[in-house]
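**Q** My questions will all concern the structure given below.
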Amino acid sequence: MNYHPTVSVLMPVYNTQETHLREAIDSILNQTFKDFELLILNDCSTDPNVEKVVLSYNDKRIKYSKNEQNMGISGSRNHLVSLATGKYLAVMDHDDISCPERLAKQVEYLEQHPEIGVVGSFARELLSGKELTLPIEDEDIKLALVFRSSIFHPASMIRKELFNIIGYENEYTPAEDYALWCRLIKHTCFHNLPEILFIYRNHRDNTSHKQKRRTAEVSQKIRIFTKRENPELYTAAFEKATVTTRINLFGFIPFLTYTRKNGRSKCKLFNFIPLWSGKTKIVV
């Protein structure tokens, strides 16, 4: 009988620096929770040292494979899902660090809350020490998803069964994670553990920096289909959101300030003279 671990940790790699890759792998191997497999998928790295680093580990929990051709991040993530045998899938980027109790606490939460399909956590930036906080409860997470991603993807754990509904969509790369969460709004509940279980390495080679314009473009497309598929959620999010837009003279003198909060809008001249206020019309 084939053994299936509780968790499959999914780590796509591509031309990763050795120090960063070792820190990422070590952070998983040193988890307090031991019942996992670490699936490492090499997406045709041009740097041969990536494979040498992975093969230098002698740990039976590591399962290493290579794509026959470069599939990109969405294709690689979907391939990793197809290889996984665990009940839960833990996302792990190739240059970040999971805190020692990450897997244990996320598994415990999913075991105790069968209605939750995705659990994330707070995180901390490695260099700046900045704490990255997110909405905690399902309702607040879904309301936030109307505007932005509110589950930190590389710190998330997902029930594998949810991938029978939807996977990572290549057309939304490099915001494929945001698209995944929005597709799952109708199908499951979300939760963020309010503690730091993940260390994020924010550097100039991150996809979020290198493909900033592309990310903004596809994120707008994601918001459009999220609005279309979840009109009631969109209305609720719009009514609760606080949005402030300013028009400045000469780039620094406040001229017009528009604020929308709780379904009402206000406009002020020079930031203190009221021009008008009233209920905001919601178009769904």
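Each value in this text was obtained by applying a stated rule to the coordinates, not by laboratory testing. A quick note: this is a predicted structure, and the numbers were derived from the prediction, not measured. With ideal geometry, Cβ positions are generated from the backbone for all residues, glycine too; neighbour counts draw on all protein chains shown.
**Q** Can you tell me how the chain classifies by the Cα gyration tensor, rounded, prolate or oblate, using a/c under 1.5 as the rounded cut?
**A** prolate
**Q** Here's another thing I want to ask about it. Given K60/K221; K105/K186; K227/K268, which pairs have Cα atoms separated by over 32 Å?
**A** K60/K221
**Q** Net charge near I196: determine it from the other residues with C-beta under 13 Å of the C-beta of I196, scoring Lys and Arg +1 and Asp and Glu -1. All intermediate terms of the calculation are to be shown ahead of the outcome.
**A** Values: positive: R102, K105, R124, K130; negative: D96, E101, E125, E131, E195.
Around I196, the surrounding residues sum to -1.
**Q** So for the chain: antiparallel DSSP bridges make up what percent, rounded to the nearest 5?
**A** On the way: 29 of 54 bridges.
DSSP beta bridges in the chain are roughly 55 percent antiparallel.
**Q** Compute the distance from the alpha-carbon center of segment 89-123 to that of segment 1-55, in whole Å.
**A** One Cα centre to the other: 16 Å.
**Q** Give the aspartates and glutamates reachable from K34 as a straight Cα distance under 14 Å; neighbours fewer than 8 places away on the same chain don't count.
**A** Of all the aspartates and glutamates, those that pass the test against K34 - Cα under 14 Å, at least 8 places apart if same chain - are D26, D59, E101, E108.
**Q** Also, quick follow-up: What are the ³J(HN,Hα) couplings of segment 147-162, residue after residue, when phi is run through the Karplus curve with 6.51, -1.76, 1.60 and θ = phi - 60°? Round to Hz, x for glycine and proline.
**A** 10, 6, 6, 10, 10, 6, 3, x, 10, 9, 10, 10, 5, 4, 4, 5
**Q** OK, next. Projecting each Cα onto the charge dipole of the chain (Lys/Arg +1, Asp/Glu -1 at the beta carbon, about the Cα centre), which of I222, H113, Y200 comes out farthest on the positive side?
**A** I222
**Q** Here's a follow-up. Find how much the distance from E139 to H113 grows on full extension, using 0.36 nm per residue of separation minus their present alpha carbon separation; answer in nm with one decimal.
**A** 7.8 nm
**Q** Also, quick follow-up: Among P135, P254, P174, which one moves the most in a GNM of the chain with springs linking Cα atoms closer than 10 Å?
**A** P254
**Q** Mind telling me which of I116, I165, I28 comes out most flexible in a GNM of the chain, alpha-carbon contacts under 10 Å?
**A** I165
**Q** Follow-up question, since we're still on this one. Pick out which of S265, S156, S219 has the largest mean-square fluctuation in a Gaussian network model of the chain, springs linking Cα atoms closer than 10 Å.
**A** The residue that fluctuates most here is S265.
**Q** At a 10 angstrom cut-off on C-beta neighbours, averaged per residue, how do the peptides 80-93, 224-237 rank from highest to lowest? Each step should come with its number before you reach the end.
**A** Details: 80-93: 20.1, 224-237: 15.4.
Going from most to least packed, we get 80-93, 224-237.
**Q** Just tell me which aspartates and glutamates come within less than 18 Å, Cα to Cα, of K130; anything on the same chain fewer than 8 places away is out.
**A** Partners found: D95, D96, E195.
**Q** Starting with the fewest neighbours, write out Y64, Y14, Y168 ranked by other beta-carbon atoms found within 10 Å of each beta-carbon. Please report the intermediate quantities before stating the final value.
**A** Details: Y64 15, Y14 18, Y168 22.
By the 10 Å Cβ count, ascending: Y64, Y14, Y168.
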